[in-house]
Amino acid sequence: MSETIDSSRRRVLAAGAGAMALAGLGSLAPQVSATSKNPLPDFASWKDQQALIVHSATTLETKRGREGTSGITPNHELYVRNNLPAPEETITKDRDGWEVAIQGVKHPRTLTVAELKTMGIETVAAVLQCSGNGRAFFDHKASGTQWEVGAAGNVLWSGVPLRAVVEALGGLVDGVNFITSTGGEALPEGLDPKSLVVERSVPLAAQEHALLAWEMNGEPIPLAHGGPLRFVVPGYYGVNNIKYVKQVAFTAKQTEAAIQASGYRVRPVGEKGAPGQQSMWEMNVKSWVTNPLRDVVRGRVQISGVAFGGARALAGVEVSIDGGQTWRKARLVGPDMGRFAWRTFVLDTDLPAGTHSVASRATDSEGNAQPEHFPENERGYGHNGWRRHAVKVTVA
Ligand SMILES: Nc1nc2c(c(=O)[nH]1)N[C@H]1C(S)=C(S)[C@@H](COP(=O)(O)O)O[C@H]1N2
Ligand SMILES: [Mo]
């Protein structure tokens, strides 16, 4: 699918701090040229290049069709999205020694990962998805990485439930409305930290399922995905899942960091981001076909893909092979890994000769179905419209 990406939108940007500040949030990433042979950046050199579209040194997308059908996205195929250059690999040398400050509790403290490991363990399967996944499907050419479907994956996260940590530290102080977590990147000197820091606030209700995670898919979290410690908020967009987390604060107000105050806000095309607008918190219901993607021989075919409810459980998926005129219920396969996970869907069918528009449409447990079209918004967030996610399949 990388062929469909408009190469004219890519630019070569110096990665210097000054250029980063001038470029503003959303275009901080050092861009690289658009050949399919872009090298993997050093911090992610262990990934499977064949499975990835390298948009830039800080934005890697999983190719459509590489999601597989077994339900979990392997680490070496998972997308990467960094707003700032990743910290030095050395921060993963002493994983148990990594420290996180917990604020807004009765007994605020800095805890090491070793200490967190004594407080509780839970595992949750959750979709990690960038707010801009599907941005390429908007007609207004929203600025930012032109993700199609691959800025998403389904991950098994292990760590301590945030609630257990709060309990161990005496409970919350009064007046808390948000959980504000801060990334551990070193910030360039001489610039306003608020303009660059990756610091996000989510509503306190997110506490119920949040984890401080040190393991993903059975391995210590790699640096590229936020090791040694990551704040994981199941059901919420990727940006809220803070990598190399160094502070978690229970706060009365949302952070004034630009990435929260004006970034990741849904607004009409042409408008600037502002605190009053909808923040990219809870994810919406979504699905897409991952097989077949182009040509198949006539006869029996297993149409398959992935589907998830976002913040709510997935209720079901339908598939259309005639561009949405008729729909058939797909079968969900593999284990149900819970409310926040994605699931593989399959429709066993025959495709006659010709060209078919194959679409999928998921519904969540509250009856919200993917819309046919998704409204445009300035930064191209949250696209779950089924028509633009459909694939054209030609049967010889
Ligand atoms: N510390 C930190 N956390 C971060 C980011 C970042 O740049 N720094 N990027 C966020 C965004 S926008 C997304 S989509 C996800 C991407 O997670 P991944 O790179 O593990 O796929 O991490 C989020 N957490
Ligand atoms: Mo993101």
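Bear in mind that the values in this text are calculations on the coordinates, not laboratory data. Owing to the predicted nature of the structure, the values given are computational and were not obtained by experimental measurement. All Cβ positions, glycine included, derive from the backbone under ideal geometry; neighbour counts span all protein chains shown.
A crude spin-label estimate for the pair D139 and E122, with each label 7 Å from Cα along the Cβ direction, gives 4.4 nm. Convex hull of alpha carbon positions in the chain: directionally averaged projected area 18.9 nm².
Averaging 1/r over every pair of different alpha carbons in region 319-372 and inverting the result gives a Kirkwood radius of 12.8 Å. Sorting the Cα pairs of region 152-220 by distance into bins of 10 Å, from 0 upward, gives 16, 37, 34, 14 percent per bin. For the pair D42 and S70 in one chain, pulling the backbone fully straight at 0.36 nm per residue adds 7.2 nm over the alpha carbon distance.
Region 172-330: D in µm²/s via Stokes-Einstein (Kirkwood Rh, Cα pairs, 4 °C, 1.567 mPa s)? Translational D for this selection: 70 µm²/s.
Projecting the Cα atoms of P87, G324, V346 onto the dipole axis of the chain, where Lys and Arg carry +1 and Asp and Glu carry -1 at the beta carbon, places G324 farthest toward the positive end. May I ask you to work out the translational diffusion coefficient for region 232-300 at 25 °C, viscosity 0.890 mPa s, via Stokes-Einstein with Rh from the Kirkwood sum over Cα pairs, reported in whole µm²/s? The estimated diffusion coefficient comes to 158 µm²/s. Computed about its Cα centre, the charge dipole of the chain is approximately 740 debye, with only Lys, Arg, Asp and Glu carrying charge at their Cβ. Over 31 Å apart at the Cα level, from the set K63/K141; K243/K329; K47/K246, are K243/K329. With Cα atoms as the point set, the radius of gyration and Dmax of region 216-262 evaluate to 12.2, 36 Å. Shape summary of region 292-396, radius of gyration then Dmax from alpha carbon positions: 14.3, 43 Å. By the count of other C-beta atoms within 10 Å, a proxy for reagent exposure, Y264, Y236 are ordered fewest to most as Y264, Y236. Our note on the geometry: Cα centres of region 240-257 and region 131-158, 23 Å apart. Backbone amide hydrogens, once placed in the peptide plane, bring A249 within less than 5 Å of Q103, T180, S181, excluding anything fewer than 5 places away on its chain.
Each residue in D364, D295 was given a count of other beta-carbon atoms within 10 angstrom of its own, and listing them fewest first yields D295, D364. Separation of region 50-104 from region 295-337 is 27 Å, based on Cα centroids.
The slack between R331 and R294, meaning 0.36 nm per residue of separation minus the straight C-alpha distance, is 11.1 nm. The Cα center of region 346-396 and the Cα center of region 174-235 differ in position by 32 Å. Binning all Cα-Cα separations of region 102-182 at 5 Å, short to long from zero, yields these whole-percent fractions: 3, 12, 16, 15, 12, 12, 10, 10, 8, 2, 0. Placing a label point 7 Å from the Cα of A353 along the Cα-to-Cβ direction, the residues of region 282-326 whose backbone N falls under 18 Å of that point are 295-301. Neighbour counting of Cβ atoms within 10 Å sorts the residues S45, S365, fewest neighbours leading, into S45, S365.
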